[in-house]
Each structure stands twice: as C-alpha cells, then as structure tokens.
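**Q** Here you go, one structure.
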Amino acid sequence: MLVSMYLDSIEGTEQESVFLNHFVELAEDEDVAKVLHLPVVGKLLKALVSLGSVGNIATFKQTEHYKDIKDWGITVFDLEKGYISIHPGSKQLKKILAVAAIVWAGILLLKLRKKYKLNIET
C-alpha cells in the first residue's frame, strides 16, 4: 500500500495518534539526525521526522515533505509496537531498475572492450 493511501485511511482515527507517536520518537534519535543530509535516505527521514513533529496528518499533507514520501510503500505489521516497514514504491523501483540497467550495460561494455580489445573513442 502507498503511504498516501495509508495516511488517508488512518486520518482522523485513533490509529493516527499511535502512528504519529512512533515518528516523534524518531525525531529525538541522534543517529537519525546524523543521516538527514544523505540524498535519498535523508529525504525520506526528513519527511518522517516532519510527520512526527506536525501533530496530525492533515497538516503534514500541506508540508513540502509529503510529496517526498507519498509514493513510497508501507506495510504495517503491528502498529502498537511500531512494526512498520516503509519501502520503495513502484516509482522508486522503476528508477532503481533504470540505474541498475545503466550500470549493468556499462560493466558489460567494459568486459567486452577488454575481451575483444575494442577501440572505443571517448
């Protein structure tokens, strides 16, 4: 399920406060603060920290961080214990696949170049 769909489903329910409380604790973690500057992970963590700090989902949807997380996938195993998995959604998986294909093609080209001693002008 997408994060945006999940947030819509719990918005205004008692599950909303339980869900948000887990991200309040995340904002207080020193290890999380150390990785907020990283490109992909940092953007996701900034959105999660923002989710915990705004107080409700309706306000979070108005922030700039909502667009950074709305297309990610989420699986909730046990909300009370905080067993939540946020993982790449279909948009992120397509990007990952494209990058992997480019890297694979580059490696294949280098191997072919070495094996057949191709002269490729750069």
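**Q** For I102, which of the numbered conditions (1) exposed (fewer than 15 other Cβ atoms within 10 Å of the Cβ); (2) β-branched (V, I, T); (3) closer than 27 Å to M1 by Cα fails to hold?
**A** (3)
**Q** Would you point out which residue out of L97, L108, L48 is modelled with pLDDT under 85 and either part of a helix (DSSP H, G or I) or on the phi > 0 side of the Ramachandran plot (or both)?
**A** L48
**Q** On to the next question. Take the conditions over 21 Å from S4 (Cα atoms), open to solvent by 90 Å² or more (accessible area, probe 1.4 Å), part of a helix (DSSP H, G or I) and without any contact (Cβ under 8 Å) to a residue 60 or more places away in the chain and apply them to K43. Does it pass?
**A** So K43 does not fit the description; no.
**Q** Filter region 22-39 for residues that are surrounded by 12 or more Cβ atoms within 10 Å (Cβ to Cβ) and either in contact with a Phe, Trp or Tyr (Cβ under 9 Å, 6 or more places away or on another chain) or assigned to a helix (DSSP H, G or I) (or both) and give the result.
**A** Result: H22, F23, V24, L26, A27, V32, A33.
**Q** When region 57-75 is examined, which residues are found to be open to solvent by 30 Å² or more (accessible area, probe 1.4 Å) and in contact with a helix residue (DSSP H, G or I) (Cβ under 7 Å, 6 or more places away or on another chain)?
**A** T63, H65, Y66, D68, K70, D71, W72
The values are calculated or read from the model by the stated rules, or taken from the named source; none is laboratory data. Quantities reported herein were computed from a predicted structural model and do not represent experimental measurements. Backbone-built Cβ (ideal geometry, glycine too); neighbour counts: all protein chains shown. For the accessible areas, the whole protein counts, side chains as well, though only heavy atoms, and no ligand, DNA or RNA atoms are used. Shrake-Rupley method; radii C 1.70, N 1.55, O 1.52, S 1.80 Å.
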